[in-house]
Amino acid sequence: GAGVSQTPSNKVTEKGKYVELRCDPISGHTALYWYRQSLGQGPEFLIYFQGTGAADDSGLPNDRFFAVRPEGSVSTLKIQRTERGDSAVYLCASSFSGGAGLNEQFFGPGTRLTVL
Amino acid sequence: AQSVTQLGSHVSVSEGALVLLRCNYSSSVPPYLFWYVQYPNQGLQLLLKYTSAATLVKGINGFEAEFKKSETSFHLTKPSAHMRDAAEYFCAVSAPHSGGGADGLTFGKGTHLIIQP
């Protein structure tokens, strides 16, 4: 079956521009996570959706970052007034949250964002 | 709050030798613990996970990890390294929710495993 997909795979933009990164989770997965991985570092949690609502957005670095998931499936991460420090690989993951116990997060291939 | 420390940004072992990748965690609640592997130009793949059941967890590709609460450790081992094990390995922790599911993962900085022929 199809895994988590992310588009675009690569995005090059100029400082100050606006970008949108898209994530298509595995069908039926109710939880969706965004992470950011800078060069030589582990992924850093940004935001977590349960259905349409953001259950935890404590990892968003500042108000230039925003994410939506209007229908509880596809999610878009939006970055305004991009800065060179935003350059990283942005990872999306999804999981099925139902009942007790842990549900594995499945990761997409990521979007590599480069801000010139 | 949670944190993860992976000792050694690079570990080099000979093919056929024991692999030991170290991970220590900090968590204010009983944690869930994970090891992920990232092969070059590929996405993160789950190797194994600890969710408060058996303390010795077996994963894919012959890897296993032991949860030691007294040492706050979750080291990853494999008895005999293969060339195909060369990759980046990440330890991660999350806090469980009372109603099921879990928070976002907190990752360590990763350990690059090098296999010498």
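The values are calculated or read from the model by the stated rules, or taken from the named source; none is laboratory data. What you are looking at is a predicted structure, and each value in this text was computed from that prediction instead of being measured. No Cβ is skipped: glycine too gets one built from the backbone with ideal geometry, and neighbour counts run over all protein chains shown.
Within segment A:11-30, identify whether any single residue is among the small types (Gly, Ala, Ser) and within 14 Å of chain B (Cβ to nearest Cβ), and answer yes or no. No, the conditions are met nowhere in segment A:11-30.
Can you confirm whether segment B:8-21 contains a residue that is closer than 21 Å to residue A:91 by Cα and not polar (S, T, N, Q)? So far as segment B:8-21 goes, no, none of its residues is closer than 21 Å to residue A:91 by Cα and not polar (S, T, N, Q). Count of segment A:55-92 residues, restricted to those that are touching a strand residue (DSSP E or B) at 6+ places or on another chain (Cβ under 7 Å) and within 11 Å of another protein chain (Cβ to nearest Cβ), is 7. Residues in segment A:62-97 that are acidic (Asp, Glu) and more than 22 Å from residue A:12 (Cα to Cα): A:71 alone. Considering segment B:31-117, there are no qualifying strands (runs of 3 or more DSSP E) wholly inside with 2 or more residues that are touching a Ser or Thr at 6+ places or on another chain (Cβ under 6 Å), at pLDDT below 90 and surrounded by 17 or more Cβ atoms within 10 Å (Cβ to Cβ).
Against the conditions (1) closer than 19 Å to residue A:56 by Cβ; (2) touching a residue at least 60 places away in the same chain (Cβ under 8 Å), residue B:103 satisfies every one except (2). Just one of the numbered conditions (1) of a type in the set (A, V, I, L, M, F, W, C); (2) surrounded by fewer than 20 Cβ atoms within 10 Å (Cβ to Cβ); (3) at pLDDT below 95 is not true of residue A:74: (3). Residues that are more than 10 Å from chain B (Cβ to nearest Cβ), buried (at least 17 other Cβ atoms within 10 Å of the Cβ) and not charged (D, E, K, R) within segment A:31-53 comprise A:32, A:49, listed in sequence order.
Residue by residue, here is whether (1) within 14 Å of the chain's Cα centre (by Cα); (2) over 16 Å from residue A:110 (Cα atoms); (3) in a loop (DSSP other than H, G, I, E, B); (4) in contact (Cβ under 8 Å) with a residue 40 or more places away in the chain holds:
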site	(1), (2), (3), (4)
A:12	no, no, no, yes
A:15	no, yes, yes, yes
A:20	yes, no, no, yes
A:28	no, yes, yes, yes
A:35	yes, no, no, yes
A:41	no, no, yes, no
A:45	yes, no, no, no
A:49	yes, yes, no, no
A:66	yes, yes, no, no
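Might you check whether a residue that is within 14 Å of chain A (Cβ to nearest Cβ) and in a loop (DSSP other than H, G, I, E, B) occurs anywhere in segment B:12-30? Among the residues of segment B:12-30, at least one is within 14 Å of chain A (Cβ to nearest Cβ) and in a loop (DSSP other than H, G, I, E, B), which makes the answer yes. Can you find even one residue in segment B:63-73 that is more than 30 Å from residue A:60 (Cβ to Cβ), without any contact (Cβ under 8 Å) to a residue 24 or more places away in the chain and touching a strand residue (DSSP E or B) at 6+ places or on another chain (Cβ under 6 Å)? Scanning segment B:63-73 turns up at least one residue that is more than 30 Å from residue A:60 (Cβ to Cβ), without any contact (Cβ under 8 Å) to a residue 24 or more places away in the chain and touching a strand residue (DSSP E or B) at 6+ places or on another chain (Cβ under 6 Å).
Within segment A:95-114, is there a residue that is assigned to a loop (DSSP other than H, G, I, E, B), surrounded by fewer than 19 Cβ atoms within 10 Å (Cβ to Cβ) and away from chain B (no Cβ under 14 Å)? Scanning segment A:95-114 turns up no residue that is assigned to a loop (DSSP other than H, G, I, E, B), surrounded by fewer than 19 Cβ atoms within 10 Å (Cβ to Cβ) and away from chain B (no Cβ under 14 Å).
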